[in-house]
Amino acid sequence: MPDPQPWRNPRPAPQLSEIQSRLHPRRAWAWLRIWWPAIAWACVIFSMSTETFSAERTASVFEPLLRWLVPSLTEHQFRSIHYIIRKGAHFSEYFVFCVLLYRGVSGGRKGWRWSWGLAALFCSAGYSAMDEIHQAFVAGRTASAYDSLLDSAGAFAAFAVQWLWVRWRRGSVDEAEIAAGKAPAA
């Protein structure tokens, strides 16, 4: 009599006891060790999009400090400096975020892969858009596509700096190998 179910695999699935020695229980800790800085920085970014860091609140912190440093500061000059500080914070926080995401995506491996860099860049840009949407629902904050674009520009700058850094490091290693009389690795 022919087999009624010829498409079925005759070998049964392995039992847990058979494969337990091949499982890596420490993978979760390794993953967390690599990703915790990016997760923590995402939490910092999220907290900065609350009302605590609105323009009015940060002005009340920066104004006394700047007036102490420069007593002759006019209101217009203060507003300009405050604006530059706030926009610089947008740029720099996503610069750092993209670097930390690249660290996580690369899994701690050395070198450059376009897939790692692009994943970090697109995750940063996506988080930036979500952050601005979050700000639309927070009292005292406004969502701005320009801020999201500035955040993404910071992430792109990190992407470019990382690529240049890896290229420069690779070039300096090749020069050292040539000076030592070794053929550079391809």
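Just need a number here: residues in segment 95-117 that are without any contact (Cβ under 8 Å) to a residue 24 or more places away in the chain and in a helix (DSSP H, G or I).
Looking only at that region, the number is 4.
Assess whether residue 166 counts as being touching a Phe, Trp or Tyr at 6+ places or on another chain (Cβ under 6 Å), surrounded by fewer than 16 Cβ atoms within 10 Å (Cβ to Cβ) and under 19 Å from residue 34 (Cβ atoms).
Values: touching a Phe, Trp or Tyr at 6+ places or on another chain (Cβ under 6 Å): yes; surrounded by fewer than 16 Cβ atoms within 10 Å (Cβ to Cβ): yes; under 19 Å from residue 34 (Cβ atoms): yes.
Yes; evaluated as a whole, the condition is true for this residue.
If you go through segment 121-160 one residue at a time, how many are surrounded by 13 or more Cβ atoms within 10 Å (Cβ to Cβ) and touching a residue at least 12 places away in the same chain (Cβ under 8 Å)?
27
Considering segment 99-115 alone, what residues qualify as being under 27 Å from residue 49 (Cα atoms) and either touching a Lys or Arg at 6+ places or on another chain (Cβ under 9 Å) or open to solvent by less than 70 Å² (accessible area, probe 1.4 Å) (or both)? Reasoning before the result, please.
From segment 99-115, those under 27 Å from residue 49 (Cα atoms) are 99-105; that's our starting set.
Across segment 99-115, the qualifying residues are 99, 100, 101, 102, 104, 105.
Determine, yes or no, whether residue 147 is farther than 16 Å from residue 36 by Cα, touching a His at 6+ places or on another chain (Cβ under 7 Å), part of a helix (DSSP H, G or I) and of a type in the set (Asp, Glu). Give the derivation first.
Working: farther than 16 Å from residue 36 by Cα: yes; touching a His at 6+ places or on another chain (Cβ under 7 Å): yes; part of a helix (DSSP H, G or I): yes; of a type in the set (Asp, Glu): yes.
Judged against the criteria, residue 147 is a match.
Against the condition within 22 Å of residue 36 (Cβ to Cβ), at pLDDT 90 or above and hydrophobic (A, V, I, L, M, F, W, C), how does residue 101 come out, does it pass? Steps first, please.
Values: within 22 Å of residue 36 (Cβ to Cβ): yes; at pLDDT 90 or above: yes; hydrophobic (A, V, I, L, M, F, W, C): yes.
Yes; evaluated as a whole, the condition is true for this residue.
Go through 54, 92 for me and flag whichever is touching a residue at least 40 places away in the same chain (Cβ under 8 Å), among the polar types (S, T, N, Q) and more than 30 Å from residue 110 (Cβ to Cβ).
Just a single option satisfies the conditions, and that option is 54.
Looking only at segment 57-86, which residues are in a helix (DSSP H, G or I), without any contact (Cβ under 8 Å) to a residue 12 or more places away in the chain and of a type in the set (Val, Ile, Thr)?
Within segment 57-86, 61, 84 meet the criteria.
Say we look at segment 48-78 and pick out the residues that are small (Gly, Ala, Ser) and open to solvent by 60 Å² or more (accessible area, probe 1.4 Å); which of these is farthest from residue 133 (Cα to Cα)? It would help to see each step written out before you state the result.
First, the residues of segment 48-78 that are small (Gly, Ala, Ser): 49, 54-55, 59-60, 72.
Those left that are additionally open to solvent by 60 Å² or more (accessible area, probe 1.4 Å): 60, 72.
On the way: 60: 25, 72: 38 Å.
Here the answer is 72.
Mind checking which residues of segment 79-98 are crowded, with 22+ Cβ neighbours inside 10 Å and within 8 Å of the chain's Cα centre (by Cα)? Break it down stepwise before answering.
So in segment 79-98, the residues crowded, with 22+ Cβ neighbours inside 10 Å come out as 90, 94, 97-98.
The answer is 94, 97, 98.
I'm trying to understand the selection: among the residues of segment 75-112, which are β-branched (Val, Ile, Thr) and closer than 19 Å to residue 56 by Cβ?
The first filter runs over segment 75-112 and keeps only residues β-branched (Val, Ile, Thr), leaving 81, 84-85, 96, 99, 105.
Hits for segment 75-112 are 81, 84, 85.
The values are calculated or read from the model by the stated rules, or taken from the named source; none is laboratory data. This is a predicted model, so every value here is computed, not measured. Here Cβ is always computed from backbone atoms with ideal geometry, including for glycine, and neighbour counts include all displayed protein chains. When the accessible area is computed, the model is the full protein with side chains, heavy atoms only, and any ligands, DNA or RNA have been set aside. Shrake-Rupley method; radii C 1.70, N 1.55, O 1.52, S 1.80 Å.
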